[in-house]
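Undergrad: Sharing a structure, written as structure tokens. Questions coming.
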Amino acid sequence: QYGLSGKVFRRMLMMGAAPVLFNALWFIFHANPGIQQDLDAIEFFSGVESIHKNMLEHNFASAKFDFIHDNKLMDIMTPEGFSTALALARRMRTNGISHWATVCSTWVWVCRASTLRSFENPLGPDGRRSASVLDANAMVSRCVLIWILLASASSIVVLEQPATSLMPRHPRVRDFAQRA
């Protein structure tokens, strides 16, 4: 029903995949039941596309994803963009690699005075989270949903973050790291 093997489906359940992920996958599969697993690599938040271009130079099938290329279909914060990212992830071959240069601005030390994030409270204090902090928290949660699909299908997920980033302390990232 989802275009996934039973093994991948069970892994997703064991990794705590949210029901919304299964709903989105069901929609994507039924909108395009002939999805091919034809990608070796995907560079998410690709910016200047250095990884994507390098993969193409070495004859790997690669895709890029960044809102600078399409501010609706490649913005993970829009329903269309999240669906596009999920559809790309569905195209990943076993043992493929995805690189994530997720927006780090609210997660690093230089912004802690304004974001109020801390090691003990990486999401920021309840009731005092700014719009940018809420958006960044949601962005990471959406990324983790896709990471669950990728890891369940035996693909590699690489997160690029500065050393001072608190993003690895996000509860969903920590949960993913423990289950993956």
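Undergrad: Which of VAL158, VAL140, VAL20 moves the most in a Gaussian network model of the chain with Cα springs under 10 Å?
TA: Result for the chain, Cα springs under 10 Å: VAL20 fluctuates most.
Undergrad: Using the beta-carbon distance between SER130 and MET77 and R0 = 22 Å, what value does 1/(1 + (r/R0)^6) give for FRET efficiency, to the nearest 0.05? Write down the numbers at each step before the final one.
TA: On the way: r = 15 Å, r/R0 = 0.70.
E between SER130 and MET77, to the nearest 0.05, is 0.90.
Undergrad: With springs only between Cα atoms under 10 Å, which of ILE76, ILE148, ILE68 fluctuates most in a Gaussian network model of the chain?
TA: ILE68
Undergrad: With +1 on the Cβ of every Lys and Arg and -1 on the Cβ of every Asp and Glu, and nothing else charged, how large is the dipole of the chain about its Cα centre, in debye rounded to the nearest 20?
TA: Using Cβ point charges on Lys, Arg, Asp and Glu, the chain gives about 580 debye.
Undergrad: Using R₀ = 25 Å, calculate the FRET efficiency as 1/(1 + (r/R₀)^6) where r is the Cβ-Cβ separation of TRP26 and ASN95; round to 0.05. Can you show the working numbers first?
TA: Details: r = 25 Å, r/R0 = 1.01.
Here the calculated transfer efficiency is 0.50.
Undergrad: A follow-up question, please. Quick one: give the max-minus-min coordinate of the C-alpha atoms of region 1-71 along each principal axis, largest first, in Å.
TA: Largest to smallest, the principal-axis extents are 35, 27, 25 Å.
Undergrad: While we're on this one: Quantify, in whole percent, the carbon and sulfur part of the accessible surface of the chain (1.4 Å probe; protein heavy atoms only). List each step's numbers first, then the result.
TA: Details: 5400 of 9460 Å².
Of all accessible area on the chain, carbon and sulfur atoms account for 57 percent.
Undergrad: Quick one: angle between helix 131-152 and the longest Cα principal axis of the chain, in degrees between 0 and 90, rounded to 10, please.
TA: 30 degrees
Undergrad: Looking at the chain as a GNM with Cα springs under 10 Å, which of GLY81, GLY127, GLY47 has the largest mean-square fluctuation?
TA: Comparing GLY81, GLY127, GLY47 in a Gaussian network model of the chain, the most mobile one is GLY127.
Undergrad: I'd like the Karplus ³J(HN,Hα) series for region 83-99: coefficients 6.51, -1.76, 1.60, θ = phi - 60°, whole numbers in Hz, and an x wherever there's a Gly or Pro.
TA: Values, residue by residue: 4, 4, 4, 5, 5, 4, 4, 5, 7, 6, 6, 4, 6, x, 10, 10, 10 Hz.
Undergrad: With θ taken as phi - 60° and the coefficients 6.51, -1.76 and 1.60, list the Karplus ³J(HN,Hα) couplings across region 49-60 in order, rounded to whole Hz; mark glycine and proline as x.
TA: Coupling constants for region 49-60: 6, 4, 6, 4, 5, 5, 4, 4, 4, 9, 6, 9 Hz.
Undergrad: Normalising by the residue count of the chain, find the relative contact order in percent from Cα pairs under 8 Å and 6+ residues apart. Please report the intermediate quantities before stating the final value.
TA: Values: 265 pairs, mean separation 42.9, N = 180.
Relative contact order, the chain: 24 percent.
Undergrad: Could you let me know the centre-to-centre spacing of region 33-63 and region 1-28, using Cα atoms, in angstrom?
TA: 23 Å
Undergrad: Would you mind checking the radius of gyration and Dmax of region 48-145 based on alpha-carbon positions, in Å?
TA: Rg and Dmax of region 48-145, Cα atoms, are 15.8, 49 Å.
Undergrad: Using a Förster distance of 45 Å, how high is the FRET efficiency between VAL110 and PHE60, based on the Cβ-Cβ distance and rounded to 0.05?
TA: Values: r = 35 Å, r/R0 = 0.78.
Once rounded, the FRET efficiency stands at 0.80.
Undergrad: On a 0 to 90° scale, report how tilted helix 19-31 is relative to the longest principal axis of the chain, with both axes built from alpha carbons and the result rounded to the nearest 10.
TA: Around 40 degrees separate the two axes.
The values are calculated or read from the model by the stated rules, or taken from the named source; none is laboratory data. Just so it is clear, the structure is predicted and the values come from calculations on it, not from any experiment. We place every Cβ from the backbone using ideal geometry, glycine too, and count neighbours over all the protein chains shown. Quick note on the areas: whole protein, heavy atoms, side chains included, nothing else; ligands and nucleic acids left out. Shrake-Rupley method; radii C 1.70, N 1.55, O 1.52, S 1.80 Å.
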